[in-house]
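Worksheet: one structure, shown below.
Since every read-out is calculated from the coordinates, none of them should be taken as a lab result. Note that the coordinates shown come from a computational prediction; the quantities given were computed from them, not determined experimentally. FYI the Cβ positions are ideal-geometry reconstructions off the backbone, even for glycines, and counts take in every protein chain you see.
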Amino acid sequence: MPGLSPRPEAAAFLRRWREALIGACVAVLGLYWVIFSFGLMIWIGWAVAAAGVVLGVAGIQRARFRAGSDGPGVVRVLEGRIAYMGPLDGGTADLETLRALRLDPTGLPAHWILDRPDQPPLAIPVTAQGADALFDAFASLPGMRTEHMLRSLNAPGGASVIVWRAADPAQKRLH
């Protein structure tokens, strides 16, 4: 019917939770095969159900990370480099040279603060367009605790929180 459009809240919910919902559908399909099949299809069903659970858990993490995309600026992540282009400032940060990642909830919206060597920190609003790509970038940092990052992001306001810190090169051992 012309003129019908989905409610904006429902569309935003579906966009935010899309991977988790797809994972749930895949898991249900796998369980359907397990229950209503026989022979080799039962094992395939278990494999599909397990893949759906894994996809669903990853989707839940991504949904918890997404804070919207209506904030100032644009984020791009390409080959280990984060680029932020904002209305007032911007910059780039290479993942391999980051010293620390902080979350500053005092700004409106909250900001990721990327501490870079020999440069001022790069502040990226959590609601910048394309900021959801930061999840994979941050998750690739050595020693990153994803659950700590998600808890910090979804916690009520407060002071700046160090989410990740690079290992001190002087403390690295040879063995």
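Numerical summary
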item: Gain upon complete extension [S140, Y32; 0.36 nm per residue less C-alpha separation]; result: 35.4 nm
item: Environment charge of H111, counting only residues whose C-beta is closer than 12 Å and scoring Lys/Arg +1, Asp/Glu -1; result: -1
item: Compactness relative to 2.2 N^0.38 Å, alpha carbon Rg of the range 8-65; result: 1.30
item: Angle between the chain longest axis and helix 40-65 axis [Cα atoms, degrees, rounded to 10]; result: 30 degrees
item: Identified option (computed volume of the Cα convex hull per residue in Å³; candidates [x] 101; [y] 163; [z] 193); result: [z]
item: Whole-angstrom gap from the range 134-165 to the range 17-53, using each part's C-alpha centre; result: 31 Å
item: 22 Å tail of the calculated P(r), the range 74-168, as % of Cα pairs; result: 19 percent
item: Theoretical gain in end-to-end length, T106 to I22 [0.36 nm per residue, Cα-Cα removed]; result: 26.8 nm
item: Distance between modelled label sites at R99 and R7, nm, 7 Å Cα→Cβ extension; result: 4.9 nm
